[in-house]
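> Quick one: the structure is below, questions incoming.
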Amino acid sequence: MELAYYSDYAVRLVNTEEPARGKDTLTSVEAVRELFGANQSAGRRATDADVTRFRSVRARLRAVFEAADAGDETLAVDLLNSLLLEFPVSPQISGHDHRDDDGRPLWHMHLADHPSNATAGYAAIAAMGLAFHLTEYGVDRLGLCEAAPCRNAYLDTSTNRSRRYCSDRCATRANVAAYRARKRLEAARPDSTGLAADSTQPSSTQGERRPDLSGR
């Protein structure tokens, strides 16, 4: 399993909350366990106490994305380093479930589950994965969705660093909103051509000789 895979742990956790919408799906131990995905053995260690601990880690991971999104590379790195220090990883060489054509193990780096509790294990994996992504691709590859009020976290893996939204749905919604805004602006803008044409037309009395009513 490549280390880049682990960066998705951070994204999944951060996106359990949408502050601008007042939504939070991290409200139970079942929600915590779902974050582990296929890593069911680690998820089973979660208890009710992990809900609060996960929320604390989530806030710190979101702060990393917010700093990166604001262009403050130093702050993003400092915040991530503090997580790495608090939740150290246990790297191991693994070959489980991966074999070549000759049946030999395909050795790769794997982050071992932290033994103390579910939060520590998840935080260690998420922080290390995010650190790998940051150092490999750059701080500007950590973003927050521009489709207000979404602000979900995402990792930009585009070739030209052009990603701005967390999903195709948000990209479509933002494009539709921008299109409608342009149409409203066009409708509100006065027809300058028509006004110019009207201003050049003579009034009913301009250029006309008034009749002489004096009898002379």
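> Has region 22-32 got any residue that is under 19 Å from residue 112 (Cβ atoms), over 23 Å from the mean Cα position of the chain (by Cα), open to solvent by 20 Å² or more (accessible area, probe 1.4 Å) and free of Cβ contacts under 8 Å to residues at least 60 places away in the same chain?
no
> Scan 105, 115, 88 and give me the residue that is farther than 30 Å from residue 146 by Cβ, open to solvent by 60 Å² or more (accessible area, probe 1.4 Å) and at pLDDT 80 or above.
The conditions single out 88.
> Looking at region 24-44, which of its residues are over 12 Å from residue 122 (Cβ atoms) and at pLDDT 85 or above?
Pass one, region 24-44, residues over 12 Å from residue 122 (Cβ atoms): 24-25, 27-31, 38, 40-41, 44.
Matches in region 24-44: 24, 25, 27, 28, 29, 30, 31, 44.
> Would you confirm whether or not region 69-78 contains a residue that is in contact with a strand residue (DSSP E or B) (Cβ under 9 Å, 6 or more places away or on another chain) and open to solvent by less than 30 Å² (accessible area, probe 1.4 Å)?
Yes, there is a match, as at least one residue in region 69-78 is in contact with a strand residue (DSSP E or B) (Cβ under 9 Å, 6 or more places away or on another chain) and open to solvent by less than 30 Å² (accessible area, probe 1.4 Å).
> While we're on this one: Name the residues in region 91-109 that are in contact with a Leu (Cβ under 7 Å, 6 or more places away or on another chain) and either over 30 Å from residue 66 (Cα atoms) or not in a strand (DSSP E or B) (or both), would you?
95, 98, 99, 100
> Considering only residues of region 50-68 that are among the aliphatic types (A, V, I, L, M) and touching a residue at least 40 places away in the same chain (Cβ under 8 Å), which is surrounded by the most Cβ atoms within 10 Å (Cβ to Cβ)? Before the answer, list the steps.
Step one: list which residues in region 50-68 are among the aliphatic types (A, V, I, L, M), which gives 51, 57, 59, 61, 63-64, 67-68.
With the extra rule that they be touching a residue at least 40 places away in the same chain (Cβ under 8 Å), the set shrinks to 57, 61, 64, 68.
Details: 57: 23, 61: 23, 64: 27, 68: 25.
Selected residue: 64.
> Can you tell me which of 147, 131, 127 is part of a loop (DSSP other than H, G, I, E, B), small (Gly, Ala, Ser) and surrounded by 19 or more Cβ atoms within 10 Å (Cβ to Cβ)?
Testing whether each residue is part of a loop (DSSP other than H, G, I, E, B), small (Gly, Ala, Ser) and surrounded by 19 or more Cβ atoms within 10 Å (Cβ to Cβ) leaves just 147.
> May I pose another question? If the Cβ limit is 8 Å and pairs must be 6+ apart or interchain, which residue in region 144-155 that is within 9 Å of residue 19 (Cα to Cα) pairs with which residue that is among the polar types (S, T, N, Q) and surrounded by fewer than 19 Cβ atoms within 10 Å (Cβ to Cβ)?
Close Cβ pairs (under 8 Å, with a partner that is among the polar types (S, T, N, Q) and surrounded by fewer than 19 Cβ atoms within 10 Å (Cβ to Cβ)) do not exist here.
> Right, next: Would you tally the residues in region 37-90 being part of a loop (DSSP other than H, G, I, E, B) and in contact with a helix residue (DSSP H, G or I) (Cβ under 9 Å, 6 or more places away or on another chain)?
Qualifying residue count for the region: 14.
> Does residue 7 meet the test of being open to solvent by 40 Å² or more (accessible area, probe 1.4 Å) and of a type in the set (S, T, N, Q)?
When the stated conditions are applied, residue 7 does not pass them.
> Being farther than 23 Å from residue 89 by Cα and surrounded by 15 or more Cβ atoms within 10 Å (Cβ to Cβ) is the requirement here; does residue 17 meet it?
yes
The values are calculated or read from the model by the stated rules, or taken from the named source; none is laboratory data. Not measured: the values here are computed from a predicted model. Note: ideal-geometry Cβ built from the backbone for every residue, glycine included; neighbour counts use all protein chains shown. In case anyone asks, the SASA skips ligands and DNA or RNA and just uses the protein heavy atoms, side chains included. Shrake-Rupley method; radii C 1.70, N 1.55, O 1.52, S 1.80 Å.
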